[in-house]
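To start, the structure itself, in structure tokens.
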Amino acid sequence: MTAPGGALPLGQPGPDYDYICRLVLERSAIVLDASKAYLAEARLAPLAEREGMRSLAELVARLRGERFGRLHRKVVEAMTTNETSFFRDVHPFQALRKAILPALVARRGEERRLSIWSAACSSGQEPYSIAMLLLDSFPELAGWRVEIIASDLSTAMLARARRGLFSQIEVNRGLAAALLIKHFRKRGTDWQIASKIRSMVEFRELNLAAAWPVMPRVDVILLRNVLIYFDLETKRRVLARAREVLRPDGYLLLGAAETTLNLDDSFEQLRLERSGCYRLRSA
């Protein structure tokens, strides 16, 4: 798709790409630089075509001419990264099964309540992995109030996650064959996760970089592979809000390339299975 009138395509730095960068930064706090211009071209060209536009320049012109609305939101969602898989990176889930959840089950024995939040859940593989882990490894939670909250800023991703329908390629990534047979049913060429697993997860729309709605206090926050896309101040703001939501003796899980170091000294890292696990120092 070429830009009319000699305008630079989004695949090259220019005023149109600068506008997209500002829009994405303002609405999601995700920082795009010149090296991501090709990504804008690849992701927004199909969107422009679906919206009946002849070029990316026409798409940007329309965005500039309207107040923030449906089309702006679609552009922001298209530019967010939705990379995920079942039991992604393995180590955090090993830490949950071997150390974090056993400790929480012991400490929450009287209240019989457990709450876990998967932030930036994308198409749902992370929260569904947690649900399978709880169901298969912690039968003692039967009769407990177990809450798995999963959030994302993309309404399209949330709709996909709620359906719980995954392609063969998606279930091949990180999901053991035994779990596929136990918890999924074939639906044509795809696989649908069992309704019992789906019912364990509550999906919510939430933009981590914007104002947060009222959240319950949670025992575990999985904020994995999210902070790397934010600027310094947004990282600090998100960690400060996470600290307010996390119960005093709860756990924060970050991605392998992320840290609270020099961002929020309220947290300290725990050496658990190379899991990127943190707790509040006061705990």
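Need one word for region 56-137: rounded, prolate or oblate. Basis is the Cα gyration tensor (sqrt eigenvalues a ≥ b ≥ c); a/c below 1.5 gives rounded, then a/b vs b/c decides. Taking the square roots of the gyration eigenvalues as a ≥ b ≥ c, region 56-137 is prolate.
Each of Trp191, Trp117, Trp212 was scored by other Cβ atoms within 10 Å of its Cβ. Arranged with the fewest first, they read Trp212, Trp191, Trp117. Remark: Ile181, Ile100, Ile197 ranked as Ile181, Ile197, Ile100, counting other beta-carbon atoms within 10 Å and listing the fewest first.
Across region 4-78, counting alpha-carbon atoms alone, Rg and Dmax equal 11.2, 32 Å.
Summarising the label geometry, the points placed 7 Å from Cα in the beta-carbon direction at Ser199 and Arg236 lie 4.6 nm from one another. Determine which aspartates and glutamates satisfy two conditions relative to Lys196: a Cα distance under 14 Å, and not lying fewer than 8 residues away in the same chain. Candidates past the 8-residue exclusion: Asp136, Glu147. Counting neighbouring Cβ atoms within 10 Å and putting the fewest first, the residues Lys74, Lys235 line up as Lys74, Lys235.
In angstrom, the C-alpha Rg and Dmax of region 201-249 are 11.1, 31.
Here Cα extents along the principal axes in Å was calculated from the structure, and among [x] 63, 45, 36; [y] 68, 49, 30; [z] 74, 53, 34 it sits at label [y]. For region 103-261, the Kirkwood estimate of hydrodynamic radius, built from reciprocal distances between every pair of different alpha carbons, is 16.6 Å. Close amide H pairs (under 5 Å, H built 1.01 Å from N) link Leu246 with Val218, residues at least 5 positions away or on another chain.
Since every read-out is calculated from the coordinates, none of them should be taken as a lab result. Since this is a predicted model, take the numbers as computed values, not measurements. In this analysis, Cβ positions are derived from the backbone assuming ideal geometry, glycine residues included, and neighbour counts consider all displayed protein chains.
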